[in-house]
Structures are given as C-alpha cells and as structure tokens.
Amino acid sequence: MRDLNLVLLQQALMWQDPPANRARFGALLDSVTGADLVLLPEMFSTGFTMEPAVCAEDMSGASIGWLREHAARLDAALGGSLAVREAAGFRNRFVLARPDGELECYDKRHLFRMAGEHHSYLAGERRVLIEWRGWRLCPMVCYDLRFPVWSRNRGDYDVLVYVANWPARRREHWRALLLARAIENQAFVVGVNRVGVDGKGVDYAGDSLVIDPWGKVLLDAGAEAGVHALSLSAATLTNCREKFPAHLDADAFVMDG
C-alpha cells in the first residue's frame, strides 16, 4: 500500500448550469498532475438544486462523459455528486470515474429535509466501498455526515469521503463532525465543500478539510476557491491502528445496507 495523492477542487458553482460548471472545473483540471484521486463538491454541475427536472442528467449524459474523459486524461479516479435522472425519479448520486471508464456510484442516503430534498430525490439504500490503488474508499454526501452509524467503519475502509454543499451558517457543525468521524473511525476523512452563493441566496464558506486518523488536520482550505493537493500517508494509517487499536473494542452491531 503506497501513499495516495489527493486533489480537492473547492470552487463556487454556477446555478443549474452544467456546461458552465464543466468548463470551469475542466480548466482547473488542466493543471493537475500526479494525482490518484480528484474530488469535486456535491452537485458539482448544478449547485444544490431542488429542481432536478430542470437540469438533471441521465447516466449517459454529458457530465458523466466529462468525468470519464478527464479521469482517463489524468490517469486518476475523478468523482463528485450530481443530480441524476432515472425512470423511478431523481438521485443525488456520487459518481467516481476510473481512468478505464468504469464508474462507481453511491446514492445519498440521508436527504436534507430542511431544504425539501426528500421530496425532490430518492434516497439511497446501501453503502458503497471502492477499492482504488490499494486504498479502500467509502463515499458519502453532505447530510450523511450527521449520521455516524451509517458511516461507521466496520474494518472495511481507509478513507471516508464527504462531498458537500454545506452552508456557512453551520460551518462549526461541519468542522466538528468531520473531526469526530476521523477519530472514531480511525480513518482519513476528506470533506470537499464549495464556496460562493447559490441561486437560492445560500452562502457557503468552503472549509474543505483533510483529517488523519489521529484527528490531525492536514489540510484546511479556508474560504477561498482553490485547487488543493496533498498525499495521504499509508504509514500514518497503519501506525494509528497498531499503536492505538481502539477498533478492537468497538461494539458489535448489525445494520441493514
């Protein structure tokens, strides 16, 4: 298991405008080199819209093709969530494209009822684990962060990923919960948020974070748009689990999903 080279893109999003967002992110990706994993925010192509009928795409749409194209060019896995149209309804779906074009998908389980997301989208029903270059990834989306049982490490992941549109007015919750998830699960935690103001007037403070299994903040992106690169240390992960094996005393439980 070697170190994992990670890139986070913390940016403002154009409201319900997939072509404009793809163009912005595409220009930024042109400067990325040497990455293994590149992550975009929640609903990177539209912003956090409750009008998926206006701008959602199907799994053969332009944004999925765009993810595949850039993953192949970067020789990296590239992912973020987007509004996806299915026969049964709409999903807030995290999609990770591998360089060979294969896709890994996770549908957001916990829908943000305070914005009416549960009326606009269908909830996911299962956790997803992704093997990538020797690392085990567990993708989650935004509001999932508030539900620790769903993201509990059962010895099955090394990196817990949250892509988000988390509002500035609750930024203290975002930061505290990401720290807690890293410490309690003895895993790297990556939180990728956006900045700017969306089409509903909601302000976003960024605060994209990368936290190691000891709870040390390795990256704090602050409030500015940017492209942030760092490496996750395999040795740090192993050291934490060997030197402080709290996971051996975890309570056994059974959970659907």
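The values are calculated or read from the model by the stated rules, or taken from the named source; none is laboratory data. Fair warning: this is a prediction, and the values are worked out from it, not measured in the lab. Glycine also receives a Cβ, built like all others from the backbone with ideal geometry; neighbour counts cover every protein chain displayed. In case anyone asks, the SASA skips ligands and DNA or RNA and just uses the protein heavy atoms, side chains included. Shrake-Rupley method; radii C 1.70, N 1.55, O 1.52, S 1.80 Å.
Before moving on, here are some points about what is shown:
- Here the condition is being within 19 Å of the chain's Cα centre (by Cα), modelled with pLDDT of 95 or more, open to solvent by 40 Å² or more (accessible area, probe 1.4 Å) and not charged (D, E, K, R); of Val197, Val210, Val227, it holds for Val227 alone.
- Selection of first residues in the range 162-190 that are buried (at least 20 other Cβ atoms within 10 Å of the Cβ) and of second residues that are among the basic types (Lys, Arg), restricted to Cβ pairs under 6 Å at least 6 apart or on distinct chains, gives the following pairs, ordered by first then second residue: Asn165/Arg194; Gln186/Arg241; Val189/Arg181.
- Close pairs (9 angstrom Cβ cut-off, 6 or more residues apart or separate chains): of a type in the set (Lys, Arg) in the range 208-228, at pLDDT 95 or above and buried (at least 17 other Cβ atoms within 10 Å of the Cβ) anywhere: Lys216/Ala182
- Filter result (surrounded by fewer than 13 Cβ atoms within 10 Å (Cβ to Cβ) and either on the phi > 0 side of the Ramachandran plot or in a strand (DSSP E or B) (or both)) within the range 22-37: Gly34
- Any chance Ala72 is free of Cβ contacts under 8 Å to residues at least 60 places away in the same chain and open to solvent by 60 Å² or more (accessible area, probe 1.4 Å): no
- Scan of the range 41-68 for residues that are crowded, with 16+ Cβ neighbours inside 10 Å, assigned to a helix (DSSP H, G or I) and of a type outside the set (Ser, Thr, Tyr), ordered by number: Pro52, Cys55, Ile64, Trp66, Leu67, Arg68
- Positions within the range 130-150 being under 13 Å from the mean Cα position of the chain (by Cα) and either among the small types (Gly, Ala, Ser) or outside any strand (DSSP E or B) (or both), in sequence order: Cys142, Tyr143, Asp144, Leu145
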